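Below you'll find the structure, written out as structure tokens, and then a few comments.
Throughout, read-outs are computed from the coordinates displayed, never taken from laboratory work. Since the model is a prediction, treat every value here as computed from it, not as a measurement. Cβ sites come from the backbone with ideal geometry, for glycine too, and all protein chains shown count toward neighbours.
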Amino acid sequence: MGKMVGGGVEQLILNAFQSVDHDKYLFDFIIDSDSTIIPKRQIHEFGGEIFLISPYQNLFKYFSDLNRILRQKQYEIVHANISTLNIFPLFIAWVNKVPVRISHTHNLIAKSDGFKKNFLKYSLRLFSNFFANAYVAPTYETGRWLFGRQIADKKLLILKNGVNISKFKFDSTVRIKLRKQLKIRDEDILIGDFGRLVKGKKHIFAMKVLQKMHKLNPKYKLLIIGEGPQRDYLTKIAASNDFMFLLPNRSNIEDYYSAVDGIIFPSSREAFGMVAVEAQISGLQVFVSKGVPDDVDFKQDLIVRISNWNVDSWCSKIINKINTNRINFDKSAFNSGFSLQNLGMTLQNYYDQQLEIRGIYGENTNNNHTKL
């Protein structure tokens, strides 16, 4: 799993973990020792074990720790979820002759990541298929970028990011409670900006848009929720604008979709964009950049796409299009394949298939451990 910091990838894996048949598959989690948010209760509740290892930056110790665990546990499946870095755990899985070695990518390249990080991604991409024998991505584009067109066309499983639909339904009681805590009036229009506080999410751009909107009409306010390296800088900006609120990650993030009136999502590039899915389930309009893929659109006129990075354009589009009347689209989400049931069924069928291909699926399945 790499580092667990309470992000979207971790939530996806936890959703998958909770949705498969635990009489057939047991999940263990191998996590970097410097992780800040480890959901121990959820993992232990479903019979999983947690192993802490050295981060990959100390590669020799990382390999040593991982090799010891894989040799001890004798897994049938290793499901790696750290995108271009999957080569490291899958190499050790290959050394230990793990039959099914899944490379699951969740990321794309983005200029905002900077030269050093992108250089590492491009370098590791050259070796991305060396030790994997099964391939998963949230979209075709994401899979093609890491694995190449040939594998994307013939071997890629496109696994939509499942969500607990009932959790994200609009709740008027929760809305009243949270807006009261934030001192947001009924007539105020609160725009949400949820996600990791990194350059690529363009939170600073969102702040500039809301500054312009607030200047035109003081009823517009901004709520940012997330953690990341830009927190200190964003906190300084928010501190000088009393219509901006910056909160750390919330365990009840679904409640805050009920509190806001729309979502701004100006990310430079998203492999998927789970925030847009969760927002639509809550009946919210989502104002997205060209960096957010079409795969997240329920086709219910809730996604408003803005193709430029002009503050005035975003400001005008949001003001003219914002609609605070909500409709519950949980059935649409289910039909679009975003339900937890679909996630669990798709992933479990894939595990079954990969084991069958290698001739090891059978009566012994009850003893399987799937490592994510």
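Results, tabulated for the structure shown:
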| read-out | value |
| --- | --- |
| Most fluctuating residue given options 121, 169, 154, as computed from a GNM of the chain linking Cα atoms under 10 Å | 154 |
| Fewest-first ranking of 105, 346, using other Cβ atoms within 10 Å as the exposure measure | 346, 105 |
| Max mean-square fluctuation residue, GNM over the chain, Cα-Cα springs under 10 Å, options 268, 64, 289 | 64 |
| Residue 301-residue 154 pseudo-label distance in nm [points 7 Å out on the Cα-to-Cβ vector] | 4.5 nm |
| Inter-label distance for residue 24 and residue 37, nm, one decimal - labels placed 7 Å from Cα along Cα-to-Cβ | 3.1 nm |
| Angle in degrees between helix 203-216 and the longest Cα principal axis of the chain, rounded to the nearest 10 | 20 degrees |
| Cβ crowding within 10 Å averaged over residues, with 217-223, 49-55 ranked highest first | 217-223, 49-55 |
| Efficiency of FRET from Cβ geometry, residue 181 and residue 316, R₀ 35 Å, rounded to 0.05 | 0.70 |
| Listed residue pairs exceeding 21 Å between alpha carbons, taken from 167/219; 221/321; 121/236 | 167/219; 121/236 |
| Order of 214, 203, 106 - criterion: other Cβ atoms within 10 Å of each residue's Cβ, fewest first | 214, 106, 203 |
| Among 29-37, 273-281, the order from most to least packed when residues are scored by Cβ within 10 Å on average | 273-281, 29-37 |
| Part-to-part distance (alpha-carbon centres) for region 165-238 and region 54-76, which is given in Å | 40 Å |
| Exposure proxy ranking, count of Cβ atoms within 10 Å, fewest first, for 10, 227, 270, 45 | 45, 227, 10, 270 |
| Environment charge of residue 355, counting only residues whose C-beta is closer than 11 Å and scoring Lys/Arg +1, Asp/Glu -1 | -1 |
| Angle in degrees between helix 172-182 and the longest Cα principal axis of the chain, rounded to the nearest 10 | 70 degrees |
